[in-house]
Amino acid sequence: MTTKTETNMFCYQCSQASRGTGCTTKGVCGKDETLSRLQDNLMIIVQGMSAYLYHARELGYTDTEIDAFMEKAFYATFTNVNFDPQNFVEMALEGGETVIKTMRLLKRALLETYGEPQPTEVQTGTVKGRGIVVTGHGLKVLEELLKQTEGKGINIYTHSEMLPAHGYPGLKKYKHLVGNLGSSWIDQRELFAKTPVAIVARSNCVVPPTAAYADRIFTAGPTRLADVTHIDDYDFSQVIERVETLPELEDAPSETILTTGFSASTVASLKGKIKELVQAGRIKHFFVVGGCDSPTDKLRYYRDFVERLPKDTVVLTVGCGKFRFNDIELGDIDGIPRLIDLGQCNDAIEAIDIAAALAEAFDVEINDLPLTLVLSWMEQKAISIFWSLLALGIKGIYLGPTVPAWVNDDILKVLVDNYDIRMIGDPDSDIDTILRRNTGDEEMMAG
Ligand code: SF4
Ligand code: SF4
């Protein structure tokens with residue numbers, strides 16, 4: 001396990017800030033480094049939660065208990081209110097539980113608005129005609145754009161975390177939702193510069209544009225870019241006017257077909273068959289390989305990891321980190337796909353429900369399933385999900401690509417001692433360690 005050597009903090013939230021610039025070793029108020037970092041950790045969880053809550057509210061779904069937790073968390077980090085580090089760990093776990101509630105709220109909003117996702121093959125590359133690409137999260141923007149462009153001869157493409165939109169009946173019914181362009185958020189500058197499309201960026205992760213496409217990108221909802229037109233009211237007429245000035249895209253479909261749109265109920269309907277395959281030794285282990293992509297070579301780990309898994313394993317995935325490996329043809333085990341894309345990062349709630357259903361089917365605890373979570377984090381939502389998994393008592397999670405910068409040795413020790421958190425290392429040896437540990441579970445599953 002990596003250890004951290006940084007021992008400082010940073011806080012400048014009150015007038016006592018050291019030298020008028022900030023407390024960096026110990027707070028003048030008495031707050032120490034670990035307490036300061038635990039406060040930051042709680043705020044990061046609340047930031048992640050806020051994104052999911054925003055998307056749910058956009059579809060008309062709210063929950064006053066979630067609002068109340070957010071108030072409590074913000075207030076706890078106020079100057080001279082709470083100096084108890086143990087209480088901040090407890091609140092992080094309560095935050096994790098509230099993230100589960102928020103993801104569930106958003107999932108209900110999506111299901112009741114757009115229907116139950118269905119496994120769907122998504123074409124990549126371009127088709128002949130003018131195109132608008134939607135990147136980010138938040139399906140309502142995509143829906144409104146689809147309505148306003150219907151019958152106008154404009155094709156709509158998803159990008160990055162919008163890919164799972166193709167699985168929802170309420171969105172896939174639009175014939176001009178033609179496919180997905182590019183991969184995760186990190187290819188925006190290159191992809192958008194070379195592809196003459198109009199772009200709607202909705203929520204994270206948006207990247208400040210280059211001059212090559214700054215005049216054809218638009219933002220919506222919480223997303224803003226300096227000097228870029230913002231659409232506040234779902235009126236996309238300016239985007240439509242802009243795309244009509246752009247050249248048509250070539251008919252250049254890619255050979256890569258991506259499959260998305262699996263849901264917890266699709267997988268639960270296969271529970272009996274999955275149980276049989278596990279008991280027959282045909283499926284030896286399940287992995288959730290999910291989370292964020294980020295522009296570092298360390299993310300290569302996740303492709304190598306998935307590529308090297310034995311053929312008797314199944315991978316569930318959520319988030320945009322999947323673009324590191326979702327083009328690999330993993331095949332199936334007696335009709336059960338070896339790569340199951342459950343959707344956006346908030347669909348981690350689906351992975352949680354599947355794990356609970358499997359645990360019930362085998363009459364064991366989740367930690368006793370032949371199941372390992374291998375997560376990649378980039379930003380606050382991934383951290384909020386991480387704490388939701390800890391709140392469920394899930395142990396032995398592999399985390400990468402780095403130890404979060406605000407986690408010092410004290411916090412890391414809590415995570416390792418209580419939750420057996422491991423940092424990703426070498427894919428081969430990690431797979432070996434996981435599958436060797438699994439041998440006992442397998443025997444138990446076989447009954
Ligand atoms: S709240 Fe405490 S640590 Fe923060 S600036 Fe004020 S005195 Fe420093
Ligand atoms: S999964 Fe994380 S990194 Fe990827 S687009 Fe969503 S918020 Fe950004």
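Bear in mind these aren't lab numbers, they're just calculated from the coordinates by the rules spelled out. Since the model is a prediction, treat every value here as computed from it, not as a measurement. Quick reminder, even Gly has a Cβ in these numbers, built from the backbone with ideal geometry, and neighbours come from all protein chains shown.
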Footprinting proxy, PHE262, PHE69: sorted fewest to most Cβ within 10 Å, the residues are PHE69, PHE262
The Cα extents of the stretch 261-445 along the principal axes, largest first and rounded to whole Å, are 44, 34, 30
Between the stretch 310-341 and the stretch 354-368, the alpha-carbon center distance in angstrom: 20
Which net charge results when you count Lys and Arg as +1 and Asp and Glu as -1 among the other residues whose beta-carbon is under 12 Å from that of MET70? -3
What's the exposure ranking of ILE354, ILE274, ILE45, going from fewest to most Cβ atoms within 10 Å? ILE274, ILE354, ILE45
For the chain, the Cα convex hull volume per residue in Å³ comes to 148
A 21 angstrom limit on the alpha carbon distance is what I want to check against. Which of LYS101/LYS322; LYS140/LYS173; LYS107/LYS298 exceed it? LYS101/LYS322; LYS107/LYS298
Given the Cα atoms of the stretch 18-114, and with Rh set as the inverse mean 1/r over their pairs in the Kirkwood sense, what is Rg to Rh to two decimals? 1.10
As an exercise, identify the GluC sites (Glu not before Pro) in the stretch 219-323 lying in DSSP coil whose Cβ has no more than 13 other Cβ atoms within 10 Å. GLU244, GLU250
ARG437 to LYS194: extension gain in nm, 0.36 nm per residue of separation minus the Cα-Cα distance? 82.8 nm
As I understand it, the dipole of the chain uses +1 on the Cβ of Lys and Arg and -1 on the Cβ of Asp and Glu, about the Cα centre. Which of ALA348, THR256, HIS285 lies farthest toward its positive end? THR256
To the nearest 500 deg cm²/dmol, what mean residue ellipticity at 222 nm is calculated for the chain from DSSP H runs of n ≥ 4 alone, each contributing -39,500 (n - 2.57), summed and divided by the residues? -12500 deg cm²/dmol
Computed from the beta carbon distance with a Förster radius of 25 Å, FRET efficiency for LYS147 and GLU255 to the nearest 0.05 stands at 0.20
What ranking of LYS72, LYS128, LYS322, LYS31 emerges when the number of other C-beta atoms within 10 Å of each C-beta is taken as an exposure proxy, fewest first? LYS128, LYS72, LYS31, LYS322
Only bridges with both residues in the chain count here: give the DSSP antiparallel percent, nearest 5. 20
Cβ-based net charge around LYS194, under 13 Å, with every Lys or Arg adding one and every Asp or Glu removing one: -1
Distance from the stretch 369-405 to the stretch 14-79 (C-alpha centre basis), Å: 20
